[in-house]
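The values are calculated or read from the model by the stated rules, or taken from the named source; none is laboratory data. The structure presented is a predicted model; accordingly, all values stated were derived computationally and were not measured. Neighbour counts run over all protein chains shown; Cβ positions are idealised from the backbone, glycine included.
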Amino acid sequence: MEIKSISDFRKAMRNGPYAWPGGYPCYFLTSDGESLSFKAVRQELKQVLWSIAHKQNDGWRVIALDINWEDDNIFCAHTGERIESAYGTEA
């Protein structure tokens with residue numbers, strides 16, 4: 001899901017951390033190519049909203065919501081926590 005506006009972002013947040021149907025784990029992509037977890041985005045909500053509204057490339061402007069299908073090596077750029085995958089091995 002592409003995020004171009006605060007309205008798009010709010011829709012993604014309402015979607016929640018799991019895709020429906022299927023319950024697949026979702027995460028955010030930022031304009032600088034990093035990944036952010038729902039937890040990080042909730043913690044830094046004001047910064048994320050400001051960055052989207054002002055089209056800043058400061059690491060907080062989310063541009064997409066995606067599903068992590070198999071990659072066990074996606075980590076949140078803010079918290080450092082691994083982002084859950086749907087079908088990965090979690091080695």
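Of all the numbered requirements in (1) of a type in the set (D, E); (2) modelled with pLDDT under 95; (3) touching a helix residue (DSSP H, G or I) at 6+ places or on another chain (Cβ under 9 Å), E2 misses one, and that requirement is (2).
Please verify whether I67 is more than 25 Å from Y87 (Cβ to Cβ) and among the hydrophobic types (A, V, I, L, M, F, W, C), treating the condition exactly as stated. Spelling it out, it is not the case that I67 is more than 25 Å from Y87 (Cβ to Cβ) and among the hydrophobic types (A, V, I, L, M, F, W, C).
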